[in-house]
1. Where residues in segment 1-25 are of a type in the set (Phe, Trp, Tyr) and closer than 16 Å to TYR43 by Cβ, which of them is nearest to the chain's Cα centre (by Cα)?
2. For ALA7, indicate whether it is surrounded by 13 or more Cβ atoms within 10 Å (Cβ to Cβ) and part of a helix (DSSP H, G or I).
3. Return yes when PRO37 is of a type outside the set (D, E, K, R) and either at pLDDT below 95 or not in a helix (DSSP H, G or I) (or both) and no when it is not.
4. Every residue in segment 26-60 that is in contact with a helix residue (DSSP H, G or I) (Cβ under 6 Å, 6 or more places away or on another chain) and farther than 17 Å from ALA14 by Cα, please.
Amino acid sequence: MHWKKYAILLPPFACIAILLALYLPNEQKFFAVLIAPVFWTFYHLWIHVDNRRKLEGEDSKKDKTSKPER
């Protein structure tokens with residue numbers, strides 16, 4: 001698990017969920033529960049983008065270090 005990313009994203013999402021649970025009318029309290037899937041979506045997207053950047057960086061390093069074919 002990427003603990004730094006988790007620790008960065010969790011406090012704002014937890015605060016938003018708590019505030020929504022406190023201040024929304026009873027008919028709309030379910031919106032506070034929807035914050036959890038949004039949190040996990042952001043978390044996994046961030047990991048996916050980070051992994052793609054690492055792969056692209058490795059590919060560009062391979063291109064620079066490989067010898068040109070004759």
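1. Among residues in segment 1-25 that are of a type in the set (Phe, Trp, Tyr) and closer than 16 Å to TYR43 by Cβ, the one nearest to the chain's Cα centre (by Cα) is TYR6.
2. For ALA7, the condition - surrounded by 13 or more Cβ atoms within 10 Å (Cβ to Cβ) and part of a helix (DSSP H, G or I) - is not met.
3. no
4. Listed by number, the list holds a single entry, TRP46.
The values are calculated or read from the model by the stated rules, or taken from the named source; none is laboratory data. If you're wondering where the values come from, they're calculated on a predicted model, not measured in any experiment. Reconstructed Cβ throughout: ideal geometry from the backbone, glycine too, with neighbour counts over all protein chains shown.
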